[in-house]
1. Output yes when any residue across segment 106-124 is part of a strand (DSSP E or B), surrounded by 13 or more Cβ atoms within 10 Å (Cβ to Cβ) and at pLDDT below 90, and no when none is.
2. Looking at Ile56, Ile63, can you tell me which residue is more than 21 Å from Ala124 (Cα to Cα), at pLDDT 90 or above and not basic (Lys, Arg)?
3. Which numbered condition in (1) at pLDDT 90 or above; (2) part of a helix (DSSP H, G or I) is the only one that Ser88 fails?
4. Residues in segment 20-41: is at least one surrounded by 13 or more Cβ atoms within 10 Å (Cβ to Cβ) and either modelled with pLDDT under 90 or farther than 19 Å from Leu121 by Cα (or both)?
5. Out of curiosity, is Ala78 modelled with pLDDT under 90 and touching a His at 6+ places or on another chain (Cβ under 9 Å)?
Amino acid sequence: MTEKETWMDKIIGHVLGNKDKNFQEILIDREVVEEIIQIARKAHPFEFVAMLEGKIKDETLKIDGLVFSAGETSHQGAVINTFMIPLSTGTVGSVHSHPGPSASPSTADLQMFAKNGYFHLIIAEPYIEESMIGYNSFGEIARYKII
């Protein structure tokens, strides 16, 4: 327990399930990035959406997989039924594509970010590493590393 952290903070953190949810670094497996690129290209001109799977350990959020669930896609958006994803999957955020040049989040994207994890990716056309941007749950740009 740090000087600033009280016993009440520890109890509240444990009850809310966010005791060990702080991270300073985000790492994404290269295979996951390559899979995102492939799926975005195949889905075009429709959007695709999936959940990011990973863990927080030693102040590092490491994303090592994708989780898919039933949903709907179109030219204008993608919806995933997150309530159908088992709690044991370890989802930490989301990823989806934009079939255009902008990877900026829409109002609907921001609402999804706020409800579904800590880190989110949007990949825009031409669906390459450089057209993928990470965001935190507030819609602010979040830096990450591909490993």
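1. Step one: of segment 106-124, the residues part of a strand (DSSP E or B) are 119-124.
With the extra rule that they be surrounded by 13 or more Cβ atoms within 10 Å (Cβ to Cβ), the set shrinks to 119-124.
Filter again for at pLDDT below 90, leaving none.
Scanning segment 106-124, I find no residue that is part of a strand (DSSP E or B), surrounded by 13 or more Cβ atoms within 10 Å (Cβ to Cβ) and at pLDDT below 90, so the answer is no.
2. Working: Ile63 fails: more than 21 Å from Ala124 (Cα to Cα).
Going through Ile56, Ile63 in turn, the sole match is Ile56.
3. The number of the failed condition is (1).
4. yes
5. Details: modelled with pLDDT under 90: yes; touching a His at 6+ places or on another chain (Cβ under 9 Å): yes.
So Ala78 fits the description; yes.
The values are calculated or read from the model by the stated rules, or taken from the named source; none is laboratory data. Since this is a predicted model, take the numbers as computed values, not measurements. No Cβ is skipped: glycine too gets one built from the backbone with ideal geometry, and neighbour counts run over all protein chains shown.
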